[in-house]
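A.B. asks: Could you have a look at this structure, given as structure tokens, before my questions?
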Amino acid sequence: MPQTLRLYNTLTRTKQDFTPIDLLNVRMYVCGPTVYDYAHIGNARPVIVFDVLFRLLRHLYGADHVTYARNLTDVDDKINARAARDFPGLPLNEAIAKVTQATTAQFHADVDALGCLRPTTEPRATDHIEEMKAIIERLIARGVAYAAEEHVLFHVPAVAHLAKAPKYGTLARRSLDEMLAGARVDVAPYKRDPMDFVLWKPSRDGVDPGWPSPAGIATPGRPGWHIECSAMSMAKLLTPFGGGLACDDPERNVFDIHGGGIDLVFPHHENEIAQSCCAFGGGEGAPRMANIWMHNGFLQVEGEKMSKSLGNFVTINELLATESFGGRTWPGEVLRLAMLKTHYRQPIDWTVKALEEAEKTLLDWAEATETATPSEPSEELLDALADDLNTARVLAELHSLRKAGDGAAMLAGLDLLGIRLPELAAPATVAPEVERLIAARLEARRAKNFAESDRIRDELAAMGITLKDGKDPTTGEPMTTWEVKR
């Protein structure tokens, strides 16, 4: 049997032993991005956190026995606005497709650079409209949803009529007044109760994509946000394993782990639970949507909340490919290590200093493991990771292994974390040739032979050498320093 994995469950507010529903089919769902623009560094946190958990689950239960679903939201008002702005001459659906295809490809490239594995399955909202409509019809039939003015709304007070469905607010543990305060932001006159939320809404002609509506509504419409994840998790983690709308057994309509950012607890995840637990199982509903709910903490930048108005909004791509943060680009492995130095449930402060420290650590570890061959992760490292992904303790164990000279165990542990090590500086045998070429280039520059200077620069670049031109602080003469590109 695998060693005990303990995970903090937001639902119970306790750390508890993880027991898979089915040892041969461990299932996890994580809310993914809305693909309308570059993903920011805050979006990277759940991607990295749950990638580490995915890797650990594969290590404990076998790669073939873990299904990780992370959705792509490709129907959203922000996508529609971007499509109209960028492709005004195209039909709406074509413009939307261009936006979502480009932004999805960019998202994949960015998170690949962070060392993240692709999830087992990556459902797109627009591929599961029929499942959303089927769930909505079931909710109407069970008396917990209703149609009003071309909308379909979930009727929150009706949850209490289904004996097995959990009380609304169980996950967020918010008072009724707190939940009402949030709901009043969007209280439409056709709502039966201020807490009711949208499952389906009419599409604006020429502005939104539309599909035939459920509940006998004649106007084409589109789904609300919350229903999307209930449908996609059902399609990927329930129906293939004997659950879903065709099954009245509540025990088959639950999966192991649901994850996302702490900002999704209310209302998104609370509403997912309400929808799924009222739709699946028998007529009395189901007691659980997922056994364990996990949420990563907030991210701020240099001590402040990240926002465009403060000028500290930074995307993954900007960190990887531009010099907008700290005056330089940052390798993906540096970003990943900096993210993992803070426990996933704690707030994280994203700073240039933290990235510099992460890079220094990686270079030290690369030197320590230069001649090593990976073995197996140490028991201490596995125990730390199995303790609710205690990455701070994991990194302390890696430092201990470094001190002990156990490069083989270090490499195995780093592989489990998904951390790549950078290439080290050029060997001593290369340095003299580099210095010779730099001297020749300086001579060419003094002689104003810029073609020869550029040729030598390109030759060095082909060797993986980055040059930095400047002046000697003492003599004021031109000088050049160099380093190996990383």
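A.B. asks: List the trypsin sites (Lys or Arg not before Pro) within region 236-310 that DSSP assigns to loop and that have no more than 14 neighbouring Cβ atoms inside 10 Å.
C.D. replies: Those that pass, being in a loop and sparsely packed, are Lys308.
A.B. asks: Would you mind counting up the charge near Arg118? Only other residues with Cβ under 12 Å from its Cβ, with Lys and Arg at +1 and Asp and Glu at -1.
C.D. replies: Once all neighbours under 12 Å are counted, the net charge is -2.
A.B. asks: Leaving ligands and nucleic acids out of the surface, order Lys167, Lys15 by accessible area at 1.4 Å, largest first.
C.D. replies: So, going from the largest accessible area down, we get Lys167, Lys15.
A.B. asks: Which angle between 0 and 90 degrees, to the nearest 10, do you get for helix 77-86 versus the longest principal axis of the chain when only C-alpha atoms count?
C.D. replies: Value to nearest ten degrees: 50.
A.B. asks: What do you reckon, how do Arg393, Arg455, Arg336 stack up by accessible area (1.4 Å probe), largest on top?
C.D. replies: In descending accessible area the options line up as Arg455, Arg393, Arg336.
A.B. asks: Another question about this same structure. Report the percentage of all Cα-Cα pairs in region 214-354 whose separation exceeds 26 Å, rounded to a whole percent.
C.D. replies: Summing the P(r) tail past 26 Å for region 214-354 gives 46 percent.
A.B. asks: Helix 407-417 versus the longest principal axis of the chain: what is the Cα-based angle in degrees, 0 to 90, to the nearest 10?
C.D. replies: Its long axis makes an angle of about 40 degrees.
A.B. asks: (i) 84, 59, 38; (ii) 58, 47, 44; (iii) 136, 52, 49: which one is Cα extents along the principal axes in Å as calculated from this entry?
C.D. replies: Checked against the structure: label (i).
A.B. asks: What number comes out for accessible area per residue over region 39-184 if the probe is 1.4 Å? Units Å², please.
C.D. replies: 42
A.B. asks: Give me the percent of accessible area attributable to carbon and sulfur for the chain, probe 1.4 angstrom.
C.D. replies: The nonpolar share, carbon plus sulfur, comes to 51 percent.
A.B. asks: Which far-off residues, 5 or more places away or on another chain, put their amide H under 5 Å from the one on Arg124, with H placed in the peptide plane?
C.D. replies: Here Leu72 satisfy the definition.
A.B. asks: Which longest uninterrupted range of the chain lacks any GluC sites (Glu not before Pro) assigned by DSSP to a loop state (not H, G, I, E or B) and surrounded by at most 16 other Cβ atoms within 10 Å?
C.D. replies: So the longest stretch without any such site is 1-148.
A.B. asks: Could you work out the relative contact order of the chain, using alpha carbon pairs under 8 angstrom and six or more residues apart, expressed as a whole percent?
C.D. replies: 15
A.B. asks: Taking the full set of protein chains and a 1.4 angstrom probe, give the accessible area of His128 in square angstrom, rounded to the nearest 10.
C.D. replies: About 20 Å², rounded to the nearest 10.
A.B. asks: Now for a different question. Rounded to the nearest whole Å², what accessible area per residue is found for region 262-418 with the 1.4 Å probe?
C.D. replies: Per residue, region 262-418 has 40 Å² of solvent-accessible surface.
A.B. asks: Continuing with this model, one more query. Rounded if a/c is under 1.5, else prolate if a/b is larger than b/c, else oblate: which is region 280-408, with a ≥ b ≥ c the root eigenvalues of its Cα gyration tensor?
C.D. replies: In terms of gyration-tensor shape, oblate.
A.B. asks: Give the shape of region 251-312 as rounded, prolate or oblate, defined through the alpha-carbon gyration tensor: a ≥ b ≥ c are the square roots of its eigenvalues, a/c under 1.5 means rounded, and otherwise the shape is prolate if a/b is larger than b/c and oblate if not.
C.D. replies: Note, shape of region 251-312 comes out prolate.
A.B. asks: How large is the accessible surface of Leu60 in square angstrom, using a 1.4 angstrom probe and rounding to the nearest 10?
C.D. replies: 20
A.B. asks: Sum -39500 (n - 2.57) across every DSSP H segment of at least 4 residues in the chain, then divide by the residue count to get the 222 nm mean residue ellipticity, nearest 500.
C.D. replies: -12000 deg cm²/dmol, from helical runs alone.
A.B. asks: Is the shape of region 103-262 best called rounded, prolate or oblate, per the rule: a/c under 1.5 gives rounded, else a/b larger than b/c gives prolate, else oblate, with a ≥ b ≥ c the square roots of the Cα gyration tensor eigenvalues?
C.D. replies: Rounded shape, in that the Cα axes give a/c under 1.5.
A.B. asks: Take the alpha-carbon centre of region 436-486, take the same for region 258-311, and report the distance between them in whole Å.
C.D. replies: First find each Cα centre; the distance between them is then 53 Å.
A.B. asks: Compute the angle between helix 431-446 and the longest alpha-carbon principal axis of the chain, please, reported from 0 to 90 degrees and rounded to the nearest 10.
C.D. replies: For helix 431-446, the angle is close to 80 degrees.
The values are calculated or read from the model by the stated rules, or taken from the named source; none is laboratory data. Note that the coordinates shown come from a computational prediction; the quantities given were computed from them, not determined experimentally. So basically every Cβ, Gly included, is an ideal-geometry build from the backbone, and we count neighbours across all protein chains shown. Ligands, DNA and RNA are excluded from the accessible area calculation, which covers all protein heavy atoms including side chains. Shrake-Rupley method; radii C 1.70, N 1.55, O 1.52, S 1.80 Å.
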